[in-house]
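Colleague: Here it is: the structure, laid out below.
The values are calculated or read from the model by the stated rules, or taken from the named source; none is laboratory data. The structure presented is a predicted model; accordingly, all values stated were derived computationally and were not measured. Glycine gets a Cβ as well: all are built from the backbone with ideal geometry, and neighbour counts include every protein chain shown.
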Amino acid sequence: MEIKPEIKFGVIAGIALISWTIAQYFLGIHTDKFELGYLTTIGNLILVFFAVLLALNEKRADVGERFSFRLGMRTGLLLMLICSFLATGFMFIYDYKINPLWVENMIDWQISTDKNYSLSRLANDPEASAIILSNTEMHLCIYFFTLVISGMIISMLISVFQLIRAK
């Protein structure tokens, strides 16, 4: 029995994101090199892009001419839901047990260096006081939905490109 591409690459992407988070921890990006925090987003997007690309290529090879925009989007959505649940489940453990103060420390660093990154911008709170009160829960929600939404945008672009290429 062959595993569907969306499941296979959803699990692979989830494991890749977990591994990337662990690497960031050991590289100090989440502990004392907060200025390298932009690498988190870049790394996440690269991993998601390749997972979606490989899954959609495999799906297209499986279904041939029946590949449609709708099938590409459905494949991407399922892949990203699987990936996001796995990665966010790990981030729950990471945020509460492995590196419990990293979100607070990142926010403190942003405030002390006048950096206005996503967490304080989303809260529309330059002092970031609201985000500090609910930092971990908000981080988990932002992480989950950012993965799903960015994966869906990538799925849309790749699906359109594959359909154009097929004509």
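Colleague: Condition first: outside any helix (DSSP H, G or I) and within 14 Å of the chain's Cα centre (by Cα). Now tell me which residues in region 63-103 satisfy that.
Modeller: none
Colleague: Does LEU45 fit the bill of being surrounded by 15 or more Cβ atoms within 10 Å (Cβ to Cβ), at pLDDT 95 or above and either in a helix (DSSP H, G or I) or of a type in the set (Asp, Glu) (or both)?
Modeller: When the stated conditions are applied, LEU45 does not pass them.
Colleague: To continue, here is another question. Run ILE149 past the list (1) at pLDDT 85 or above; (2) touching a Leu at 6+ places or on another chain (Cβ under 7 Å) and report the number of the one that doesn't hold.
Modeller: (2)
Colleague: Are there any pairs, at least 6 apart or on different chains, whose C-beta atoms fall under 9 Å, with the first in region 98-110 and farther than 18 Å from ILE18 by Cα and the second hydroxyl-bearing (Ser, Thr, Tyr) and in a helix (DSSP H, G or I), and if so, which?
Modeller: Filtered contacts from region 98-110: GLU104/THR136; ILE107/SER120; GLN110/SER120.
Colleague: Kindly check whether there is at least one residue in region 61-84 that is surrounded by fewer than 16 Cβ atoms within 10 Å (Cβ to Cβ) and either within 30 Å of THR113 (Cα to Cα) or of a type in the set (Asp, Glu) (or both).
Modeller: Within region 61-84, one or more residues are surrounded by fewer than 16 Cβ atoms within 10 Å (Cβ to Cβ) and either within 30 Å of THR113 (Cα to Cα) or of a type in the set (Asp, Glu) (or both).
Colleague: Return the residues of region 23-42 that are exposed (fewer than 14 other Cβ atoms within 10 Å of the Cβ) and under 14 Å from the mean Cα position of the chain (by Cα); say none if nothing qualifies.
Modeller: TYR38, THR41, ILE42
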